[in-house]
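A short worksheet on the structure shown next.
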Amino acid sequence: MANFLIIASDIIPLEGERMPAPEVYDLMMKFRCWEFPASAPHLNLLKPGARLVFYLGGNHARYFAGEATVEGDFQEITKASPATFDRKLIPFFHWRLPLSRIERYPPRTAGLDEMMDLSFAKEKEVTRPYIGLLLRVGMRKLTDADLTYLRRCVGQPARG
């Protein structure tokens, strides 16, 4: 089973107020899915059974929020799809990935300090002021050791 870090940012609608990353996360977890733009470069990597860890960026967050398992294949978002966002104001998402086994972490128990200890950050030898550059792609692969470490940081029980 593969593990991935998904980075959620604030969403700026075509009109109105910015939607903070925690609200984006809460809304998508309510609908048991994660949505992606058509241009997302990593769609072919996310297969059923993969474990996703969500990191909330933006101005209101910067912490690990939880994890979920990919439940099925990507589904194209159409007019008949369940309405997560007001598509007139937020038309950016084209694909929906169904999720199961959603587990939320206690807010703000793990953040940028813990991010710096993950394998991809160590591998690139990035310093904390520049970690955001590695997160701009929206997704990173996590090792099993990374996932175990994050679960320990947020107080989740170890699993096999």
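The values are calculated or read from the model by the stated rules, or taken from the named source; none is laboratory data. What you see is a predicted model, and the numbers here were worked out from it, not measured in a lab. When we count neighbours, we look across all protein chains shown, and the Cβ atoms used for this are built from the backbone with ideal geometry, even at glycine. Just so you know, the surface numbers come from the protein's heavy atoms only, side chains and all, with ligands and any DNA or RNA stripped out. Shrake-Rupley method; radii C 1.70, N 1.55, O 1.52, S 1.80 Å.
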Sorted by chain and number, the residues with a modelled amide H under 5 Å from that of Leu142, at a separation of 5 or more or across chains, are Asn3, Phe4, Leu5
The number of Lys pairs in the chain whose alpha carbons lie under 28 Å apart, excluding pairs fewer than 8 residues apart on one chain, is 11
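Count charges around Ala68 for me, please; just the other residues with Cβ under 10 Å from its Cβ, Lys/Arg as +1, Asp/Glu as -1.
Working: positive: Arg32, Arg51, Arg101, Arg104; negative: Glu67, Glu71, Glu103.
So the environment of Ala68 carries a net charge of +1.
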In deg cm²/dmol, rounded to the nearest 500, the helical mean residue ellipticity at 222 nm of the chain, built from -39500 (n - 2.57) for every DSSP H run of length 4 or more, is -5500 deg cm²/dmol
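So which trypsin sites (Lys or Arg not before Pro) in the stretch 1-91 are both in a DSSP loop and have at most 12 other Cβ atoms within 10 Å of their Cβ? Walk me through the numbers before you get to the answer.
Details: sites: Arg18, Lys30, Arg32, Arg51, Arg62, Lys79, Arg87, Lys88; in loops: Arg18, Arg32, Arg62, Lys79, Arg87, Lys88.
Passing both the DSSP loop test and the Cβ count: Lys79, Lys88.
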For the chain, dividing by residue count, accessible area per residue (probe 1.4 Å) in Å² works out to 54
Convex hull around the C-alpha positions of the chain: the volume in Å³ per residue is 112
Of the accessible area of the chain, computed with a 1.4 Å probe and all protein chains kept, carbon and sulfur make up a percent value of 53
Using a 1.4 Å probe on heavy atoms of the protein chains only, the accessible area for Ser119 in Å², nearest 10, reads 40
